[in-house]
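Engineer: Next up is a structure, given as C-alpha cells.
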Amino acid sequence: MFEKVIPPDPLRRKLIAIRLAESIGKGVFISGSVVYFTLHVGLSAGQVGLGLSAAGFAGLVSSIVFGMIADRMSRRKLLCILFVLLALGFGLYSVVDSATKFYVLVMCVGFLEYGTSPTNSALMGTLVSPDERVRLKAMMRSVFNIGFSVGIGVAAAAALSPKLLVVIPLTTAALMIVAAILVTRLPEGESKPIPSGVKRFAAVRDLPFLGVIGVSMVLASHMTVLLVALPLWALNRTSVPHFLIPLLLIVNTVFVILFQVRASKGAETVAGASNTARKSGYWLAGGLLVIAATALEDNAVLVSAAIVAAVLILSVAEIMQSASAWGLGFGLAPEHAQGEYLGAFDLHVITQNIIGPAILSGIVVAFGFWGWVAVAALVLVAASVITPVARYSERRLAATQPEQVGDVVAA
C-alpha cells in the first residue's frame, strides 16, 4: 500500500511529508475540537458550532485572496508564512477562556487555513509537470487520510483525561511548525509572469469557469451525504444498529487510501477529468438510490447491508470526483493565475461544506424515499452537463490564452 503513496524522488517525498504533517495536525484538532472547547474551555455546543461555521464562511474569501497573493509573490514563502501563523493560532487556542476570544480566533485561523490549499496547489504546479499533478494530488489525498486517522487516535488519547486536553491544540500547532520547516526545504519553482491588463478577481468574473465550479459542487455532495445526511438518516429513519454508523466512515477512509491513486488515472486533462466527473455522478446517484431503497425495508440485516453497499458506492463516487476536480482545476487555470483559479475552484468544496448539510439533510429527512430520489435526479443532471460545461470553459481559456505554455519543472 505504501508504495502507492510514497513517490520515489526526493521532491515529491517532501511534498508528501508536508501533507502528512498537516493532515495529522488537522486530524488531531478537527476530531478533538468539540471535546476540547466544551470540556476544557467551557463553551456550549451551540457556541462551538457557530464558531466552526463562521470559520467555514471565512474560506469563501480567503481561498481566492490567498490564491491571488500566491500568483504575485513567492509561493514557497507564502505557504511557510501561513503554516507559521497557523501554528501561532492553534497555540493560542490553549489560552482561550471566553466565547468572544474563541470567535475571533477561530475566524482568523479559518481564514488562514483555507489559504493553504490554493497556495500549496499553485506551488506544486510550478514544481511538477502537468501530466503528473493529478496523480501526485491523489497520492497526497491518500496520505491525508492516513495522517488524519493518526490524528484522530492522538485526539482520542488526549481525551482520556481532562488534564491532557490541552495537548490537542498544542500538538496541532507543533505539526504546523513541522510543515513550515519542510516547506523551506522545497525548491522555489518558477511561476508565470502576470500579463499587463489582467483584472483582479478574474476567476470569479469567468462565467464559464464558475459554471464548472457550480456543477462540481453538486457532484461533490458525496461528502455531505457520507458525513451528515446518511448518518442522520440511518439513526432516525432506519433499523440499522447504532454501532455500525461510526464504522461506515472507517470503511470510507480505508477505501480512499487504497484506491484514490488508481482512480486518478485518466483525469490529467480537462477532457479526461470531465469524463471522470460524469462517471462519478452516476456512481453517486446509484448510491443515493440504494439509500432510498432502505426506506422501503424494515429488516435490520437487509437495511444494514444496503447501507454498507451504499457507502462503498459513494466512496467510488468520492475518489472519482476528487480526481476530476484536480484535473479540472489545473486544466482550466491560466498559467499566470493558477493560485487564484485553484482557490476559486476550491469553492465547490467550501460551499458544499457550508450549505450542503442543512439542505441535503432537510430534504431526505423530511421527504424520505422521494427526497433521496430527488437528490439523485439532480446529481444525474449535473453529471450530464459537466462535460459540455467544462469543454466550453476550456475553449474560452484557449481563446484568451493563445500563447500559454506548459509549467516549468523544477530540477
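Engineer: I need the full set of residues from region 89-111 which are over 23 Å from residue 180 (Cα atoms) and among the hydrophobic types (A, V, I, L, M, F, W, C), in order please.
Structural biologist: Our first condition is that a residue be over 23 Å from residue 180 (Cα atoms); within region 89-111, this holds for 96-104.
Across region 89-111, the qualifying residues are 96, 99, 102, 104.
Engineer: Let me ask something additional. Looking only at residues that are over 25 Å from residue 167 (Cβ atoms), open to solvent by 10 Å² or more (accessible area, probe 1.4 Å) and of a type in the set (Val, Ile, Thr) in region 65-119, which one is modelled with the highest pLDDT?
Structural biologist: 81
Engineer: Okay, next question. Looking at residue 168, is it under 19 Å from residue 86 (Cβ atoms) and in contact with a Gly (Cβ under 9 Å, 6 or more places away or on another chain)? Show your work before the answer.
Structural biologist: Numbers: under 19 Å from residue 86 (Cβ atoms): yes; in contact with a Gly (Cβ under 9 Å, 6 or more places away or on another chain): yes.
Criteria met by residue 168.
Engineer: OK, next. Taking the residues in region 145-170 that are in contact (Cβ under 8 Å) with a residue 24 or more places away in the chain and assigned to a loop (DSSP other than H, G, I, E, B) as candidates, determine which candidate is least open to solvent (accessible area, probe 1.4 Å).
Structural biologist: 165
Engineer: Additional query: Which condition number in (1) more than 23 Å from the chain's Cα centre (by Cα); (2) touching a residue at least 24 places away in the same chain (Cβ under 8 Å) is the one that residue 100 fails?
Structural biologist: (2)
Engineer: Could you grab me the full set of residues in region 350-360 that are β-branched (Val, Ile, Thr) and closer than 15 Å to residue 61 by Cβ? Working first, answer last.
Structural biologist: Applying the first criterion (β-branched (Val, Ile, Thr)) to region 350-360 yields 350-351, 354-355, 359.
350, 351, 354 - these are the residues of region 350-360 that are β-branched (Val, Ile, Thr) and closer than 15 Å to residue 61 by Cβ.
Engineer: Quick one: is residue 129 surrounded by fewer than 24 Cβ atoms within 10 Å (Cβ to Cβ), under 26 Å from residue 77 (Cβ atoms) and among the hydroxyl-bearing types (Ser, Thr, Tyr)?
Structural biologist: Working: surrounded by fewer than 24 Cβ atoms within 10 Å (Cβ to Cβ): yes; under 26 Å from residue 77 (Cβ atoms): yes; among the hydroxyl-bearing types (Ser, Thr, Tyr): yes.
In short, yes.
Engineer: Within region 312-333, how many residues turn out to be farther than 27 Å from residue 194 by Cα and not in a helix (DSSP H, G or I)? Outline the logic, then answer.
Structural biologist: Pass one, region 312-333, residues farther than 27 Å from residue 194 by Cα: 312-323.
Restricting the remaining residues to those that are not in a helix (DSSP H, G or I) gives none.
Of the residues in that region, 0 qualify.
Engineer: In region 29-50, how many residues are hydroxyl-bearing (Ser, Thr, Tyr) and under 24 Å from the mean Cα position of the chain (by Cα)?
Structural biologist: So the first thing to find is which residues in region 29-50 are hydroxyl-bearing (Ser, Thr, Tyr), and the list is 31, 33, 36, 38, 44.
Checking the rest, the ones that are also under 24 Å from the mean Cα position of the chain (by Cα) come to 31, 33, 36.
Number of matching residues: 3.
Engineer: Being within 16 Å of the chain's Cα centre (by Cα), open to solvent by less than 50 Å² (accessible area, probe 1.4 Å) and under 25 Å from residue 161 (Cα atoms): is that true of residue 24 here? Steps first, answer last, please.
Structural biologist: On the way: within 16 Å of the chain's Cα centre (by Cα): yes; open to solvent by less than 50 Å² (accessible area, probe 1.4 Å): yes; under 25 Å from residue 161 (Cα atoms): yes.
So residue 24 passes the test.
Engineer: Please enumerate the residues belonging to region 8-18 that are more than 16 Å from residue 188 (Cβ to Cβ) and open to solvent by 60 Å² or more (accessible area, probe 1.4 Å). Spell out the reasoning first.
Structural biologist: Restricting attention to region 8-18, the residues satisfying the condition of being more than 16 Å from residue 188 (Cβ to Cβ) are 8-9, 12-13, 16-17.
The answer is 8, 13.
To keep it simple, each residue is scored yes or no on (1) without any contact (Cβ under 8 Å) to a residue 60 or more places away in the chain; (2) over 30 Å from residue 75 (Cα atoms); (3) within 21 Å of the chain's Cα centre (by Cα).
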| site | (1), (2), (3) |
| --- | --- |
| 202 | no, no, no |
| 213 | no, no, yes |
| 218 | no, yes, yes |
| 223 | no, no, yes |
| 228 | no, yes, yes |
| 242 | yes, yes, no |
| 249 | yes, yes, yes |
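Engineer: Any idea which of 96, 104 is over 30 Å from residue 259 (Cα atoms) and in contact with a helix residue (DSSP H, G or I) (Cβ under 8 Å, 6 or more places away or on another chain)? Step through it out loud before you land on a result.
Structural biologist: Details: 104 fails: in contact with a helix residue (DSSP H, G or I) (Cβ under 8 Å, 6 or more places away or on another chain).
From the options 96, 104, the qualifying one is 96.
Engineer: Quick one: what pairs do we get from region 345-367, first residue closer than 15 Å to residue 227 by Cβ, second open to solvent by less than 20 Å² (accessible area, probe 1.4 Å) and not in a helix (DSSP H, G or I), C-beta under 7 Å, 6+ apart or different chains?
Structural biologist: 349/220; 352/220; 352/221; 356/221; 360/221
Engineer: So, one more: Taking the condition of being without any contact (Cβ under 8 Å) to a residue 60 or more places away in the chain and in a helix (DSSP H, G or I), how many residues in region 68-80 meet it? Write out each step before concluding.
Structural biologist: Going residue by residue through region 68-80, those that are without any contact (Cβ under 8 Å) to a residue 60 or more places away in the chain are 73, 77-78.
Pick out the ones that are also in a helix (DSSP H, G or I) and you get 77-78.
Number of matching residues: 2.
Engineer: Take region 355-394 and flag every residue that is modelled with pLDDT under 95 and loosely packed, with under 14 Cβ neighbours inside 10 Å.
Structural biologist: Matches in region 355-394: 355, 358, 362, 366.
Engineer: Conditions: (1) within 22 Å of residue 165 (Cβ to Cβ); (2) part of a loop (DSSP other than H, G, I, E, B); (3) out of contact with any Phe, Trp or Tyr (no Cβ under 8 Å at 6 or more places or on another chain). Residue 43 meets all but one. Number of the miss?
Structural biologist: It is condition (3) that residue 43 fails.
Engineer: For residue 400, only one of the following conditions fails: (1) of a type in the set (S, T, N, Q); (2) out of contact with any Phe, Trp or Tyr (no Cβ under 6 Å at 6 or more places or on another chain); (3) surrounded by 17 or more Cβ atoms within 10 Å (Cβ to Cβ). What is its number?
Structural biologist: Only one criterion in (1) of a type in the set (S, T, N, Q); (2) out of contact with any Phe, Trp or Tyr (no Cβ under 6 Å at 6 or more places or on another chain); (3) surrounded by 17 or more Cβ atoms within 10 Å (Cβ to Cβ) is unmet by residue 400, namely (3).
Engineer: Among the residues of region 123-172, write down those that are of a type in the set (A, V, I, L, M), out of contact with any helix residue (DSSP H, G or I) (no Cβ under 7 Å at 6 or more places or on another chain) and under 27 Å from residue 315 (Cβ atoms).
Structural biologist: The initial filter retains those residues of region 123-172 that are of a type in the set (A, V, I, L, M), namely 123-124, 127-128, 134, 136, 138-140, 143, 146, 150, 152, 154-160, 164-168, 170.
Remaining after also requiring out of contact with any helix residue (DSSP H, G or I) (no Cβ under 7 Å at 6 or more places or on another chain): 156-157, 160.
Of everything in region 123-172, just one residue is of a type in the set (A, V, I, L, M), out of contact with any helix residue (DSSP H, G or I) (no Cβ under 7 Å at 6 or more places or on another chain) and under 27 Å from residue 315 (Cβ atoms), namely 156.
The values are calculated or read from the model by the stated rules, or taken from the named source; none is laboratory data. Predicted, not measured: the structure shown is a model, and the values here were computed from it. Backbone-built Cβ (ideal geometry, glycine too); neighbour counts: all protein chains shown. Remember, those area values only see protein heavy atoms, side chains included, never the ligands or the DNA or RNA. Shrake-Rupley method; radii C 1.70, N 1.55, O 1.52, S 1.80 Å.
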